[in-house]
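Everything on this sheet refers to the single structure shown next.
Every number in this text was worked out from the coordinates using simple rules, so none of it is lab data. Fair warning: this is a prediction, and the values are worked out from it, not measured in the lab. Heads up, the Cβs are rebuilt from the backbone with ideal geometry, glycines too, and the neighbour counts pull from every protein chain shown.
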Amino acid sequence: MTVASEQDQRDTLQLKYDPRSWQQVNVGREERLLSTIAGAALTLCGLWRRKTVGLTTALGGLLLYRGLTGRSVLYRLLDLNTVKESPSTVMPLPDGSGVRVKRAVTILRPADELYHFWRDFAGTVPVHPFVEQITPIGDKSWHWLVRLPGGEFVEWDSVLTEDIPERLIAWRFMGERLESVGGRIRFDPAPADQGTIVTLEVEFKRPDKLSLLNIIPSGMILSRVPEQLVREELRRLKALMEAGELPQAQPRESEKEARRNA
């Protein structure tokens, strides 16, 4: 085994068993409220009825923990998550050339950590469906290698257009076979110091005959498909930053192919 492969293996193990995976918020707002109320009631009941103080108080404490932190060990073991993301906003571009998709999600990590992760575009490959490699070609530009579902590769470049440390990053794409014109991502502190609200906006151009998205019925192109891609990127980002690993339910296309060829 080479030194490089040994290092890759150690990195994989470190990612898989990252202790932050148990810090992921996986309980929705409504469930948290009900758990907090029920937990407080059971705890008070257990303290009042001393004969059952052990079991009742313990159950009340577990529900209080679940409600106040938004974390459920059982949900984690079952790979469940009832956190609801904010709905997407899909708006046509002023010139009618495409749409702008805007979506937000709360991630239980500080804004500075999320900013520095995204600012190094090369490290965001796992977040983007179909992207195989992102290579820096300057301090503010990167070269993207994208694998289409049929196995063909396309390439384009991106350039940074706005950079506010720990707050906002914006970029534009340059190339011929582009699905996205560019985008921006904003990091705002969540209320009550509960992580960071990450808002991702991406502009998609209207597909042409060369478009990757032409494999989908045309009626869905300018609404469902762009929205689904943005939602998937935020879902991957949240899982990677909170749990230290990508969701296993929807593996990347390259992983699927590798498994079929194994």
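Test of understanding: ordering 235, 167 by Cβ neighbours within 10 Å, fewest first, what list do you get? Intermediate results must be reported in sequence, preceding the final value.
Numbers: 235 18, 167 14.
Arranged by neighbour count, lowest to highest, 235, 167 become 167, 235.
Using Cβ counts within 10 Å as a stand-in for footprinting exposure, how do 205, 238 rank, fewest first? Working shown, then result.
On the way: 205 19, 238 25.
Lowest to highest Cβ neighbour count: 205, 238.
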